[in-house]
Structure formats: C-alpha cells, structure tokens
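The values are calculated or read from the model by the stated rules, or taken from the named source; none is laboratory data. Model, not experiment: these values are computed from the prediction. Neighbour counts run over all protein chains shown; Cβ positions are idealised from the backbone, glycine included. In case anyone asks, the SASA skips ligands and DNA or RNA and just uses the protein heavy atoms, side chains included. Shrake-Rupley method; radii C 1.70, N 1.55, O 1.52, S 1.80 Å.
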Amino acid sequence: MVRRALFAAATLALISSAAVAQDTVKIGLILPMTGQQASTGKQIDAAVKLYVAQHGNLVAGKKIEVILKDDTSVPDVTKRLAQELVVNDKVAILAGFGLTPSALATAPIATQAKVPEVVMAAGTSTITEASPFVVRTSFTLAQSSVPMAEWAFKNGIKKVVTMVSDFGPGIDAEKSFSEKFKADGGTIIESLRVPLRSPDFAPVLQKAADAKPDALFVFVPSGAGAQFVKQFVERGLDKSGIKLIATGDVTDDDQLNGMGDVVVGVINAHNYSANHDSALNKAYVDAFKKANNGLRPNFMSVGGYDGMHLIYEALKKTNGNTDGEKLVAAMKGLAWESPRGPISIDPETRDIIQNIYIRKVDKVGGELYNVEFATIPNVRDPVKAAKK
Ligand code: PHB
C-alpha cells in the first residue's frame, strides 16, 4: 500500500513537472544590447516588455517566458546564443536579430530545430528565403527605396548619387533605388559605399559633392544617422544645393531630435513614424515613453511590438501548441493594425506587407518628426515580387 502510494506520488510529481515545462512557452530573444547596434536592442527590448505588460504573460493557457540574450552586435555570438537557447533552454521560438548577418547566421539553426525565427529588425530581402521557419515583422530596404526613387523622379530629381552602408540591406537599397530610378528615366551618377563598422563618411561625401547631383540618396542603419548628418554638415553639403533623400533609417526617430534644424525638409520613405496619425499609435507612443523615461519609439520598436503580437496570435490559433511547423502555418496570412498602420504576413513569402509613407522632416510642437504626406498602401517586398 505504502509502496503504491509512493509510486503514485512520484508519478504525479513527474507528470506535473512535465506539465509545468509544457505550460511555459519560452521565447529566445536575441538582440544587440551592446555594441554598434545597441539602440536597436534597447528599442526592441522595451517594445517586447511593453507588449507583455499590456497583454499579460498568459496565452492559450500557456505562460510566456522571454529569455533576453545580448549578442553584442556580433553575428557569430548570435549564432552561438541561438544554439544554446534551442539546445539548453528548449525555446519554442527564436526572435529579435538586429542585423542581417545575425538573422542569416541563425536561419540554419531554425531549420534544423524546426523552430520559428521571428525577425524583428533586419531588412535584407533574402532573409526570409534562408529558412522556411523565418517570419519577418520588420521591413525590407526595397520596400522603402523603390517608393523613394519613384517620388524623386516625379518631383524633378534627375541625377542622383547613392551612398549606402556596405552590407546586405545597403546593397538592397542601392540596387532597388537605382533600378527604379533608371527605369523611370533618371541617371545614377555614382554608387558609393561605406563600411558598416566605424564608418567615416567624409571621403564619400567629398566624392558626392564633386559629382554635383540633384540629390544624394542615403541608407545607413538605425543608430548611424546622426553621425552621417553631422559629417554632411561639416562637409558643407547642406549648403551645396544637393538635396538629401533617404530611407527612414537615416532620419530615425531615435536620433532625429538631436540632428538639428539642418534636417528640416529632408524627404524620406519608411514604414513607421512616431508622428503617424492614428489613435493606436498615439497610445503606443505615450505608453512607450512613459515606460522608458521619455524615449521616443522608433521603427525598430514596432518590429518588436508586432513580432510579439504575431507570436501571441499564432499561439492562440494553435491552442498553445508549440510545434514549429504549426506555429509558422498559423503566422502565415495574419493581419492586424500596428502602430505603423495596417500590416499582414504574406502567406507565400512569410514577409511583411505594409504601407510605406513618404515623409518630410518638420518641426511639430518644437520637436523634429518625420511627417507623413503620402501613403503607398500594402507594399510587398519588391525584390521577391520581381522574382515571380
Ligand atoms: C539590417 O542589418 O538588416 C539592418 C539594420 C539596421 C537598419 C536596417 C537594416 O536600419
């Protein structure tokens, strides 16, 4: 009798510990919390925490546990952390990824472990093709560069010099902008690239000034815009008559206010502005600022916020089942309103479909904002669309 009772108790303990394990859904959130992309890590971490605070940590009867790891902005570290999170922590989902090389380095692990990889920041078009388990809530550079090219040619800009950071998203920005601009009838005088790590913009800015284009089209990653603008002014390009046009990564909400009045009037294209006019966005900006000492949310933050929404909604659809293939299937085609506007996940490509806004930097209530003045609705990644 005693032995039977003991056995039953032991079995129960086993079952309940297994049940506890199953009742928690672990999300491995890998972000650059330090290093060159630290502002991206800070923004996404804050947005993920805000989402959980607003929506609770129980979804479809499961407890959500976010395990945050700092990859120090180094892709080899991202890969090692992803491996450890899958093997040791048994995470059901990998998320984050502040840089394209970090997202790409993780893709084989996602494939092998059959674990969804939710890309919240990186923007190179090919990332979603690196694994059938990648789903993206950020953006692609072609999404913003093609509308920027179209606007530029329509508005009297005929000769352009491009200047991009020399890695995946920069090359996508250069290529997609140039192809569209030339197809419309424009001329690309020169295509300049600067290194991702510790960039010195002075030599390329000199080349750009010497080429005397109507406009300089620029992509630098989130966090590098302020330094670029500083050198743009130091080289006197603000007084050269050469217009500055850009992807919204350059006039990033995170740094825009500190760039000074020299950026007033800069036209750029992007998916999110803290100034986006919707009730949902106003509530988002207020709550984000309140929780983060007045920090203004940027486009990276919404990638994180929407990434959490994607995970929560997918878990609801699977009734808490964390099978990777079922989760990815549940993510395909999901559509919702984000602080940036309406968005959805393309069921064919697992990439985000979103509005792109043409914006002009302007003063609003004494602060600098990207003020949206035109909307291109429901933009699919143009690179993948062209392959069809
Ligand atoms: C990227 O690494 O894909 C990336 C990083 C920062 C950006 C855009 C793209 O602002």
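Descriptive notes on the structure:
- Listed by chain and number, the aspartates and glutamates whose C-alpha is less than 17 Å from the C-alpha of residue 387, apart from same-chain residues fewer than 8 away, are 129, 172, 179, 346, 348, 351.
- Acute angle (nearest 10 degrees) that the helix 38-55 long axis makes with the longest principal axis of the chain, alpha-carbon atoms: 50 degrees
- Legend: residue pairs 42/239; 332/363; 69/316, Cα-Cα distance threshold 28 Å; pairs beyond threshold, 42/239; 332/363.
- Spatially, the range 316-361 and the range 161-205 are offset by 29 Å when compared through their Cα centroids.
- Within the shell of other residues whose beta carbon sits under 10 angstrom from the beta carbon of residue 43, the net charge comes to -2, with Lys and Arg scored +1 and Asp and Glu -1.
- The alpha-carbon positions of the chain define a convex hull whose volume is 134 Å³ per residue.
- For the chain, share of DSSP beta bridges that run antiparallel, in % to the nearest 5: 40 percent
- Quick note on the range 243-294: its Rg to Rh ratio, both from C-alpha atoms and Rh being the Kirkwood radius, is 1.01.
- Reachable aspartates and glutamates from residue 26, criterion Cα separation under 14 angstrom, eight or more residues apart if same chain: 65, 84, 89, 117, 323
- A simple spin-label model places the labels of residue 198 and residue 290 4.4 nm from each other, with each point 7 Å out along Cα-to-Cβ.
- The share of accessible area on the range 142-197 that comes from carbon and sulfur is 50 percent, using a 1.4 angstrom probe.
- The range 297-354 - Debye-derived log10 I(q)/I(0), Cα point model, q = 0.15, 0.22, 0.29 Å⁻¹: -0.42, -0.84, -1.22
- Packing here is the average count of other Cβ atoms within 10 Å per residue, and on that basis the peptides 156-163, 298-305, highest first, run 298-305, 156-163.
- Nitroxide proxy distance, nm - points 7 Å out along Cα→Cβ at residue 206 and residue 374: 3.6 nm
- When each of 290/360; 79/290; 243/290 is checked by Cα-Cα distance, pairs over 31 Å: 79/290; 243/290
- Largest-first ordering by accessible area, 1.4 Å probe, given options 151, 336: 151, 336
- Heavy-atom surface of the chain, accessible at 1.4 Å and reported per residue (Å²): 41 Å²
- Near residue 156, once Lys and Arg are set to +1 and Asp and Glu to -1 for all other residues with Cβ below 14 Å from its Cβ, the sum equals +1.
- Across the chain, C-alpha contacts under 8 Å between residues 6 or more apart give a mean separation that, scaled by the residue count, equals a relative contact order of 17 percent.
- Alpha carbon convex hull of the range 211-370, volume per residue in cubic angstrom: 135 Å³
- Rounded, prolate or oblate (a/c below 1.5 giving rounded, otherwise prolate when a/b exceeds b/c) for the range 192-258 by Cα gyration tensor: prolate
- Label-to-label distance, residue 335 versus residue 348, with points set 7 angstrom from Cα along the beta-carbon direction: 1.6 nm.
- Protection proxy ranking for 279-286, 167-174, using the average of other Cβ atoms within 10 Å per residue and placing the highest first: 167-174, 279-286.
- Charge sum, other residues only, whose C-beta stays under 11 Å from residue 261's C-beta, Lys/Arg counted +1 and Asp/Glu -1: -1
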